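Below is one structure, written out as structure tokens, with a few remarks after it.
The values are calculated or read from the model by the stated rules, or taken from the named source; none is laboratory data. Bear in mind the structure is a predicted one, so any value in this text is a computation, not a measurement. Cβ coordinates were reconstructed from backbone atoms using ideal geometry, including for glycine residues, and neighbour counts include every protein chain displayed. Side chains included, ligands, DNA and RNA excluded: accessible areas come from the protein's heavy atoms. Shrake-Rupley method; radii C 1.70, N 1.55, O 1.52, S 1.80 Å.
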Amino acid sequence: MNWTEIEQKDYMQVFERLPVTLIKGRGMYVRDNKGKRYLDFVAGIAVVSLGHCHPVLVKAVNRQSHLLFHTSNLFYTTPQLKLAELLIKNSDMKRVFFANSGTEAVEGAVKLARRWGSINLNGAFEVISANNSFHGRTLAMIAATGQQKFQHPYEPLPAGFINVPYNDIDAIKAATTDKTCAVLIEAIQGEGGVNIPHPEYLKQVRAWCDEKNLLLILDEVQTGVGRCGTLFAYRQSGIIPDVVALAKGLAGGIPIGAVLATEKASVFVKGDHGTTFGGNALACAASHAVLSYIIKNDIPSHSLNMGTLMLDGLKKLKQEFPCIADVRGKGLLLAMQFENNLAKDTALACLDMGLLVNNLKPNLLRFIPPLIVQPKDINKALGILRKALQRVIEQCE
Ligand SMILES: *Cc1c(COP(=O)(O)O)cnc(C)c1O
């Protein structure tokens with residue numbers, strides 16, 4: 001029996017997987033069970049920030065696995081507190097809480113906002129979030145995620161979430177009531193299709209939150225940790241949020257999430273929130289190694305430069321292929337949008353030619369390579385993408 005059949009027989013059928021079984025990886029490349037090599041422009045959905053099995057990460061995980069995996073938060077542990085120090089030193093935030101995933105980090109941020117509301121806003125509990133956002137898959141987070149397809153099968157949803165159009169300050173203003181405690185948005189919508197707001201949007205939201213004493217929660221689970229060209233994407237918009245959620249690239253492939261908050265917003269008291277696995281020694285040692293490497297080597301600037309190079313290449317492809325409606329991105333969070341639903345066929349053609357890309361939507365490809373990507377990798381990816389487009393378009397005609 002092959003792995004595809006086992007998956008269909010044994011696994012809950014929720015994932016749309018590409019027909020390839022991956023065995024190992026190194027740097028920008030992964031290899032399947034037949035020995036075929038692929039250039040990886042998916043990176044485990046923007047997670048494998050230093051590329052596959054980076055020596056720095058391997059060493060940190062190895063080292064920690066001989067010392068201590070897990071203790072719970074009933075005790076102090078050194079990897080957790082070293083990571084906390086590093087994050088606080090390099091962010092504009094003053095306190096941190098570690099979770100195990102992006103969903104958990106954002107949900108923790110929302111719980112913090114509800115405590116803010118109960119303390120400072122007469123029990124206000126509603127959180128305004130955006131259409132086409134993505135904040136995770138728990139019941140509360142699908143209520144925050146403004147996409148019908150995630151919400152509909154699970155109604156009734158938890159109360160207290162209002163979804164409004166993204167990139168529209170008036171919509172946030174109109175939705176604000178005396179029950180509102182926070183605004184939750186992404187700096188750039190990742191899963192929603194790499195949607196970049198106009199440059200003033202975050203500033204406008206910041207000003208509105210200040211005026212109404214609401215917490216501004218930025219979900220930087222995808223945009224953070226250098227992906228968009230600065231350590232945190234909000235640093236390009238001239239604002240400082242009250243709460244930041246991180247996850248994906250934070251430990252280069254080991255599960256971790258983090259809620260960061262300013263001193264003012266850190267209103268949790270003992271017992272208000274918790275976790276068994278969150279902040280465990282192994283994940284924190286991994287994350288500390290990854291984050292130190294990213295900061296020391298100024299990887300955010302590198303992703304900005306590499307992103308510019310890639311976007312230039314994508315723009316050239318757009319000129320060549322009229323079926324491409326738009327190309328966009330910031331740093332190494334990039335997308336190609338088609339006039340028609342060509343994304344899956346293009347992704348399959350790329351796969352065939354040894355390139356992994358993410359067909360995020362029927363009409364949209366997303367490119368989220370490891371942050372250590374080099375010009376030669378980008379040129380190679382663009383070359384394969386061009387051939388894939390030629391092949392797909394020939395089939396259409
Ligand atoms: C991926 C993602 C999440 C959810 O993270 P998980 O680790 O899958 O729970 C939340 N918010 C954003 C912006 C994301 O991109």
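Hey, among Ser72, Ser49, which residue is out of contact with any strand residue (DSSP E or B) (no Cβ under 7 Å at 6 or more places or on another chain) and either in contact (Cβ under 8 Å) with a residue 24 or more places away in the chain or not aromatic (Phe, Trp, Tyr) (or both)?
Every option except Ser72 fails the conditions.
If Gly193 satisfies every condition in (1) among the small types (Gly, Ala, Ser); (2) within 22 Å of Val267 (Cα to Cα); (3) outside any strand (DSSP E or B) but one, which is the exception?
(2)
Find all pairs meeting these conditions: Cβ atoms under 9 angstrom apart; at least six residues apart or on different chains; first residue within segment 223-249 and under 20 Å from Leu309 (Cβ atoms) and in a loop (DSSP other than H, G, I, E, B); second residue within 13 Å of the ligand (Cβ to nearest atom) and among the acidic types (Asp, Glu).
Thr223/Glu186; Arg227/Glu220; Cys228/Glu220
Would you point out which residue out of His198, His152 is away from the ligand (no atom under 16 Å from the Cβ) and either without any contact (Cβ under 8 Å) to a residue 12 or more places away in the chain or among the hydroxyl-bearing types (Ser, Thr, Tyr) (or both)?
It is His152.
I need every pair where a residue in segment 1-20 that is open to solvent by 100 Å² or more (accessible area, probe 1.4 Å) has its Cβ under 7 Å from the Cβ of a residue that is in a loop (DSSP other than H, G, I, E, B) and of a type in the set (Val, Ile, Thr), sequence separation at least 6 or different chains.
Trp3/Thr21
Which of the residues that make up segment 100-114 are in contact with a helix residue (DSSP H, G or I) (Cβ under 7 Å, 6 or more places away or on another chain) and more than 8 Å from the ligand (Cβ to nearest atom)?
The answer is Glu107, Val110.
For segment 124-148, which positions are assigned to a helix (DSSP H, G or I), in contact (Cβ under 8 Å) with a residue 24 or more places away in the chain, open to solvent by less than 10 Å² (accessible area, probe 1.4 Å) and more than 8 Å from the ligand (Cβ to nearest atom)?
Ala144
So which of His66, His70, His52 is under 16 Å from Ser287 (Cβ atoms) and open to solvent by 20 Å² or more (accessible area, probe 1.4 Å)?
Only one candidate qualifies: His70.
Only one of these is assigned to a strand (DSSP E or B), away from the ligand (no atom under 16 Å from the Cβ) and either in contact with a helix residue (DSSP H, G or I) (Cβ under 7 Å, 6 or more places away or on another chain) or closer than 25 Å to Phe268 by Cβ (or both): Ile88, Ile162, Ile119, Ile172. Name it.
Only one candidate passes the filter, namely Ile162.
Of the residues Asp210, Asp168, Asp219, only one is open to solvent by 60 Å² or more (accessible area, probe 1.4 Å) and either at negative phi or at pLDDT 95 or above (or both); which?
The unique qualifying residue is Asp210.
Can you tell me how many residues in segment 222-241 are among the charged types (D, E, K, R) and either more than 13 Å from the ligand (Cβ to nearest atom) or open to solvent by 10 Å² or more (accessible area, probe 1.4 Å) (or both)?
The qualifying residues number 1.
Please pick out the residue among Ala174, Ala233, Ala144 that is more than 20 Å from the chain's Cα centre (by Cα) and closer than 21 Å to Ala113 by Cβ.
That would be Ala174, the only listed residue that is more than 20 Å from the chain's Cα centre (by Cα) and closer than 21 Å to Ala113 by Cβ.
Only one of (1) aliphatic (A, V, I, L, M); (2) surrounded by fewer than 19 Cβ atoms within 10 Å (Cβ to Cβ); (3) touching a residue at least 12 places away in the same chain (Cβ under 8 Å); (4) out of contact with any strand residue (DSSP E or B) (no Cβ under 6 Å at 6 or more places or on another chain) is not met by Leu291, so which one is it?
For Leu291, the failing item is (2).
Please enumerate the residues belonging to segment 339-393 that are in a loop (DSSP other than H, G, I, E, B) and buried (at least 17 other Cβ atoms within 10 Å of the Cβ).
Leu342, Val357, Asn363, Ile368, Pro369, Pro370, Leu371, Ile372, Val373
Being in contact with a helix residue (DSSP H, G or I) (Cβ under 7 Å, 6 or more places away or on another chain) and open to solvent by 30 Å² or more (accessible area, probe 1.4 Å): is that true of Leu157 here?
Against the criterion (in contact with a helix residue (DSSP H, G or I) (Cβ under 7 Å, 6 or more places away or on another chain) and open to solvent by 30 Å² or more (accessible area, probe 1.4 Å)), Leu157 qualifies.
Is segment 36-43 home to any residue that is more than 29 Å from Gly226 (Cα to Cα) and open to solvent by 50 Å² or more (accessible area, probe 1.4 Å)?
yes
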